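What follows is one structure encoded as structure tokens, with my remarks underneath.
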């Protein structure tokens, strides 16, 4: 893995053909993404797309009463703000930084121009969008049909795939908000995983001790999502 300060740590940026990369490079602006930072709100016009390099961003669907649930996570494999180049300009979801880190942003007019101008860029972004839609659909199915234990394992694995290392900084309250469940349920599920020696949890810090064990304990949803990302996107070994 390259340094977070290198734009090509992001796999989509790394996959750009040389001509496109040279056009994009002067327009990419480095950004620090703080924990809890909102990159865009539901229904708001998007000014930038974001390419995380070491941060993780959660896409949340928000209800009228303020309740929310996570529909997808984006890390160094992807881009936040697909509505811009897909023609919508806004979305009913909210993008919130789940794990602090670094990234790069590109103006909305620039990404739209590149999408319309370059066939390789268009096809790359459309393949990523298909993978992201798969993650959203599988999350909906998982939340409806699988246990909270399995959902938590899936969430941990998807987050780990987008981080360097085996540690997450995340309170149980935030996890509960992401999964759209009560905090008490997350506490119980986390304790089960800890008793099974799969994770260690203390003061908002989660360390994964046995990743293969988590993969055995989760539902099929994680494998479906990972397989689709591997099939559609470059740098499979890093996802």
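Nothing in this text is a laboratory measurement; each read-out follows from the coordinates by a stated rule. Keep in mind that what you see is a predicted model, and the values were worked out from it rather than measured. Virtual Cβ from ideal backbone geometry, glycine too; neighbours counted across all protein chains shown.
Peptides 147-154, 191-198, 170-177 ranked from most to least packed give 147-154, 170-177, 191-198, packing being the mean of other C-beta atoms within 10 angstrom over each peptide's residues. In terms of overall dimensions, the range 170-239 has a Cα radius of gyration and Dmax of 14.2, 39 angstrom.
Against the chain, whose longest principal axis comes from its Cα atoms, helix 119-145 is set at around 20 degrees. The P(r) of the range 1-123 has a tail past 25 Å containing 20 percent of all C-alpha pairs. Relative to the dominant Cα principal axis of the chain, helix 108-117 is inclined by about 70°. The mean sequence distance of close C-alpha pairs (under 8 Å, at least 6 residues apart), as a share of the length of the chain, puts its relative contact order at 21 percent. Sorting 155, 24 from the fewest to the most surrounding beta carbons within 10 angstrom yields 24, 155.
In the chain, Rg over Rh equals 0.96, where Rg is the alpha-carbon radius of gyration and Rh the Kirkwood radius from pairwise Cα distances.
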